[in-house]
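The values are calculated or read from the model by the stated rules, or taken from the named source; none is laboratory data. In this text the structure is predicted, and so the values were computed from the model without any measurement. Here the Cβ positions follow ideal geometry from the backbone for every residue, glycine too, while neighbour counts run over all protein chains shown.
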Amino acid sequence: MTYESAVSAADALRAFLDACPSPHHVVAAVEATLATNGFVAGNYGSMDPDLFGVTKGVIRRDGSVVAWHWPEDTDVEDGCLIIGAHTDSPCLRLKPHQGGEAFGLSQLGVEIYGGVLLNSWLDRDLGVAGVVNTSDGDEMLVTSHGAVARIPQLAIHLDRDVNEKGLVLHRQQHMRPVWGSSPADFALWLSEEIDLDPSNISGHDLRLFDVQSASVFGHDASLLASGRLDNQVSCWAAVSALVSASPRRPLIVALFDHEEVGSESVTGAAGPLLETCLDEMLRVRGSIDRRFSFLRASLCVSADNAHAVHPNYADRHDQQHAPVVNAGPALKINANQRYATSAAWYALMRDIASRAEIPLQTFVSNNAMPCGSTIGPITASRLGIDTVDIGIPQLAMHSAREMCGVDDPWHLVRLFDALA
């Protein structure tokens, strides 16, 4: 989509974030956006193989989605541009079996998903969202009607050294949410939320989320706060570019689940989803025998947020490679291949951004603070495609509520447009 300003882009991003409390919601929102822009949709499990031959298409599988714009009369030898991101975020997932009361309060059982910043989930109004599996094999998206639970922090009178020694949370004992003051049947509550008989619910993939809406703040309205900025900002930017671009060669967007827990799943970047889709796209066009040439000429942009300099902890960063908010996306480099950007593509990306008048920064981690990784090295290893890691700078990464600059998501969309 074409946005005339950072403000209009931020408004669209906020609506996307509020609509997407889980990976399945991200996929549904992406499908809805693409459907209104002429993309043909299919399900990975029951799709028509010929779908891969359409000019504009989208395939979903659970919490992941692959979409493409493959212009007619393009030469396979020119390769393609792949924009990759991930739909999942660290969170608290509900365990299959619920029930339990203690001292007059009903509690939920949760499993910690990914590298959660645990303290950020305390004292927040939490809703329930995800997908419910029905007995007839269907799935239903679920978003609770308002807040359902909270995890109350222990009063300072009972933990008097907390401000000096820091908060210590036991992952099993201290992270159980309270969700009522009377005995409750979770299955019955869930059935009432989705208006479905309890006997028709066969399973679920549900998580808690902060019900507070995404918001712009600051004296100059220059900052944006929301849950799941990592990495729904990149998902939104990739789809926005896919809709608005007039690509010179095939443009493919791959949004994977399970990045926060290692990507090793059927819908993760280490799984076969993207590779299978690419092979089918080539097969229906009679070009599978030129697969190697196609991949060799292709580029993958792995989009995942970067660590902005924290003004209260500047010593945690390498000052010469420390991106700041509202100064553009950051190219991410790591000598140990935690990011996949090569020296050659670092130079090319800077040249492309310069010609398009898009600000671009560089992120390299402090040696004493090893960085995480992304889908970039995984995709590069699995497919042999040149890969660049990039992302907007943000603070409070893996918090229940993160923050970034208002300008940077817009610049990311513009960069994707320039690459296409």
Would the range 245-268 turn up any residue that is under 18 Å from residue 415 (Cβ atoms) and either without any contact (Cβ under 8 Å) to a residue 40 or more places away in the chain or aromatic (Phe, Trp, Tyr) (or both)?
no
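For the range 281-317, which residues satisfy the criterion of being within 26 Å of the chain's Cα centre (by Cα) and over 22 Å from residue 238 (Cα atoms)? First the steps, then the outcome.
We begin by selecting, within the range 281-317, every residue within 26 Å of the chain's Cα centre (by Cα); these are 281, 295, 298-311, 313, 316-317.
If the condition is that a residue be within 26 Å of the chain's Cα centre (by Cα) and over 22 Å from residue 238 (Cα atoms), then 309, 310, 311, 313, 316, 317 are the ones that fit.
Which count do you get for residues in the range 21-42 that are hydroxyl-bearing (Ser, Thr, Tyr) and crowded, with 19+ Cβ neighbours inside 10 Å? Full working, then the answer.
Initial filter on the range 21-42 (hydroxyl-bearing (Ser, Thr, Tyr)): 22, 33, 36.
From the residues that got through so far, the ones that are crowded, with 19+ Cβ neighbours inside 10 Å too are 22, 33.
Selection size over the range 21-42: 2.
Is there a residue being without any contact (Cβ under 8 Å) to a residue 60 or more places away in the chain and farther than 25 Å from residue 127 by Cα anywhere in the range 292-306?
To start, the set of residues in the range 292-306 that are without any contact (Cβ under 8 Å) to a residue 60 or more places away in the chain comprises 292.
When the remaining residues are screened for being farther than 25 Å from residue 127 by Cα, the result is 292.
Yes: the range 292-306 contains one or more residues that are without any contact (Cβ under 8 Å) to a residue 60 or more places away in the chain and farther than 25 Å from residue 127 by Cα.
Within the range 1-53, take every residue that is of a type in the set (Phe, Trp, Tyr) and assigned to a loop (DSSP other than H, G, I, E, B) and give me the one that is nearest to residue 392 (Cα to Cα). Explain how you work it out, then say what you get.
Filtering the range 1-53 for residues of a type in the set (Phe, Trp, Tyr) gives 3, 16, 39, 44, 52.
Now restrict to residues that are assigned to a loop (DSSP other than H, G, I, E, B): 3, 39, 44.
Details: 3: 17, 39: 27, 44: 31 Å.
Taking the candidates together, the pick is 3.
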Qualifying position, being touching a Pro at 6+ places or on another chain (Cβ under 7 Å), among the small types (Gly, Ala, Ser) and either surrounded by fewer than 21 Cβ atoms within 10 Å (Cβ to Cβ) or under 30 Å from residue 252 (Cα atoms) (or both), among 213, 191:
191
Flag if residue 238 is in a strand (DSSP E or B), touching a residue at least 24 places away in the same chain (Cβ under 8 Å) and in contact with a Phe, Trp or Tyr (Cβ under 8 Å, 6 or more places away or on another chain)
no
Check 38, 63, 42, 57 and return the single one that is of a type in the set (Gly, Ala, Ser), in contact with a strand residue (DSSP E or B) (Cβ under 9 Å, 6 or more places away or on another chain) and on the phi > 0 side of the Ramachandran plot.
38
For the list (1) touching a Cys at 6+ places or on another chain (Cβ under 7 Å); (2) under 14 Å from residue 263 (Cβ atoms), I need the number of the one condition that residue 392 fails.
(2)
Can you tell me which condition residue 263 does not meet? The list is (1) more than 22 Å from residue 48 (Cα to Cα); (2) part of a helix (DSSP H, G or I), and all the others hold.
(2)
Counted residues, the range 43-63 - those being crowded, with 17+ Cβ neighbours inside 10 Å, closer than 22 Å to residue 245 by Cα and small (Gly, Ala, Ser)
1
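Is there a residue in the range 6-20 that is surrounded by fewer than 13 Cβ atoms within 10 Å (Cβ to Cβ) and over 17 Å from the mean Cα position of the chain (by Cα)?
No: the range 6-20 contains no residue that is surrounded by fewer than 13 Cβ atoms within 10 Å (Cβ to Cβ) and over 17 Å from the mean Cα position of the chain (by Cα).
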Tell me yes or no: at least one residue of the range 350-359 is of a type outside the set (D, E, K, R), touching a residue at least 12 places away in the same chain (Cβ under 8 Å) and buried (at least 23 other Cβ atoms within 10 Å of the Cβ).
no
So is residue 359 within 25 Å of the chain's Cα centre (by Cα) and under 19 Å from residue 84 (Cα atoms) or not?
no
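Check the range 121-141 and report whether any residue there is hydrophobic (A, V, I, L, M, F, W, C) and out of contact with any strand residue (DSSP E or B) (no Cβ under 8 Å at 6 or more places or on another chain).
Yes, the conditions are met somewhere in the range 121-141.
I'd like the full set of residues that are surrounded by fewer than 24 Cβ atoms within 10 Å (Cβ to Cβ) and either at pLDDT 95 or above or touching a Leu at 6+ places or on another chain (Cβ under 7 Å) (or both), limited to the range 329-346.
Within the range 329-346, 333, 346 meet the criteria.
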